[in-house]
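Single-structure report; data block below.
The values are calculated or read from the model by the stated rules, or taken from the named source; none is laboratory data. All values reported here derive from a predicted model rather than from experimental measurement. As a convention, Cβ positions derive from the backbone with ideal geometry for all residues, glycine included, and neighbour counts pool all protein chains shown. Heads up: the accessible areas ignore ligands, DNA and RNA and are worked out on the full protein's heavy atoms, side chains in. Shrake-Rupley method; radii C 1.70, N 1.55, O 1.52, S 1.80 Å.
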Amino acid sequence: MNKKCIDVIKLSVPNKPEYVSVIRLTASGIANRMGFDIEKIEDIKVAISEACTNAITHGICKEEANFNVDFYSHEEKLVISVYDNGKGCLNHNIKTPNLKEPKEGGLGVFIIRSLMDDVEISSNNGKGTVIKMTKYVGDDI
């Protein structure tokens, strides 16, 4: 049985790196209220930072535009969607990085997938990208 969503928090954020800290604080507050432990809260904050950086870097590319972050608080999980209205990308272009020869950039999605329990990325060329991340309260799955 699917439990219903308890709370929804929606943010529309200026496409500027200095606002990522506001989103991190919001995520931390929501996760803390839900009962996540410190380690999971840190994982959520790092993952959301990476998703926001992707939206700012690869999304709209206009400082006067905004990207969006939605938090869906359920009894057993927190679902976060970071999305932009940018140019989008082809999902098959997202490659697993070569960790033996790391280079700057290209690790964001890898980091998000390693820190969150479920990650879905959908992107439509010309219509933007959505990174949907889920973290479950309680024991790791």
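Going by accessible area, probe 1.4 Å, with all protein chains left in place, what is the ranking of Asp70, Asp7, largest first? Don't skip to the answer; put the middle values down first.
Numbers: Asp70 5, Asp7 60 Å².
So the residues, ranked largest to smallest area, are Asp7, Asp70.
Count Lys and Arg as plus one, Asp and Glu as minus one, and take only other residues whose Cβ is under 9 Å from that of Ser28; the net charge is then +1. How much net charge surrounds Ile121 when only other residues with a Cβ under 10 Å from its Cβ are counted (Lys, Arg +1; Asp, Glu -1)? Local net charge: +1. Couplings 3J(HN,Hα) for segment 21-36, derived from phi with the Karplus relation 6.51 cos²θ - 1.76 cosθ + 1.60 (θ = phi - 60°), are 5, 5, 5, 4, 5, 4, 4, 4, x, 5, 5, 4, 4, 7, x, 5 Hz, where x marks Gly and Pro.
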